[in-house]
Amino acid sequence: MKQQRVKRHRNSSLDEQPRKKKPSSNSKRTQKKQPYDKSSVGGKNRRRTRQPSKQKPQKKKQQLKMQKNRSSPKNKMLKNVLDLLFYIITLGLICMSILFAFSDDQNKTILGYRIFNVLTNSMAPNERDQKQGGFYAGDVIIVKDIQGNTAKEGEVITYRPSMKSEAFLTHRVIKKLDHLNETKGTYYVTKGDNNDTEDLPISEKQVVGKKILVFPKIGTILKFIRKNFIVSIIFMLSVFGFILVIKMYVFSK
């Protein structure tokens with residue numbers, strides 16, 4: 001009897017425990033579906049936010065540094081010196097061009113250089129020889145003064161046809177001799193690229209210089225300047241103004 005009572009007591013304790021109810025099918029339907037969060041899926045579909053660029057503050061810093069450097073006394077002194085040199089060189093070039101334009105004397109040098117107007121086509125390029133360094137009538141050539149015995153074969157030199165001549169010729173050296181007949185010394189045989197015959201031999205004392213630069217068609221401009229003085233002055237001033245504007249634009253950067 002005691003054993004039966006114990007069993008009943010155990011059964012009654014089990015009956016007193018609340019039983020868990022199984023969710024019915026209707027309750028499943030009533031459950032709300034949670035919204036699908038794309039950000040929770042591995043971070044692939046997260047919204048990408050643009051980070052503020054770091055270049056702008058760097059540019060501002062660079063600009064501030066540039067302004068500080070420009071405002072420093074050393075840079076101001078350097079700029080003033082460069083401005084002074086620019087004006088001196090520009091005005092010097094304009095004055096030299098005016099002097100050369102209005103002077104017919106070709107026997108003048110500036111810092112060891114001469115300017116010549118080409119009058120003939122004796123050095124015009126020839127298709128047969130295909131030599132480089134030729135020029136045409138109306139061009140302007142720059143000649144550098146050299147010692148008479150330093151010219152080489154193939155170079156274009158300027159010389160006097162005779163020791164007393166006031167004219168000048170500019171032809172190519174085709175032969176360099178160490179004597180002429182029984183006279184020792186340096187002699188040259190020249191020839192124009194567009195000529196068929198060679199020139200007479202000349203001595204080293206007749207050599208003036210060698211050609212280094214050619215400015216095409218500048219000779220015609222110089223002739224126009226000589227005939228029109230007022231127009232030439234206006235032209236020179238306009239060139240100076242143009243160079244000044246370019247200089248201000250370059251230094252402003």
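The values are calculated or read from the model by the stated rules, or taken from the named source; none is laboratory data. Keep in mind it's a predicted model, so treat the numbers as computed, not measured. Reconstructed Cβ throughout: ideal geometry from the backbone, glycine too, with neighbour counts over all protein chains shown.
So here's what we get for this one:
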{"quantity": "The stretch 134-150: number of residues that are surrounded by 15 or more Cβ atoms within 10 Å (Cβ to Cβ), touching a strand residue (DSSP E or B) at 6+ places or on another chain (Cβ under 7 Å) and not polar (S, T, N, Q)", "calculated": "8"}
{"quantity": "Qualifying positions in the stretch 193-223 - in a helix (DSSP H, G or I) and among the polar types (S, T, N, Q)", "calculated": "Gln206, Thr220"}
{"quantity": "In the stretch 119-170, the residues that are of a type in the set (S, T, N, Q) and in contact with a Leu (Cβ under 9 Å, 6 or more places away or on another chain)", "calculated": "Ser122, Thr158"}
{"quantity": "Only listed residue being basic (Lys, Arg) and under 35 Å from the mean Cα position of the chain (by Cα), chosen from Lys223, Lys184", "calculated": "Lys223"}
{"quantity": "So Val143, is it free of Cβ contacts under 8 Å to residues at least 60 places away in the same chain, within 34 Å of the chain's Cα centre (by Cα) and closer than 30 Å to Gly92 by Cα", "calculated": "no"}
{"quantity": "Verdict on Gly185 being outside any strand (DSSP E or B), of a type in the set (Gly, Ala, Ser) and either at pLDDT 90 or above or under 21 Å from Pro125 (Cβ atoms) (or both)", "calculated": "no"}
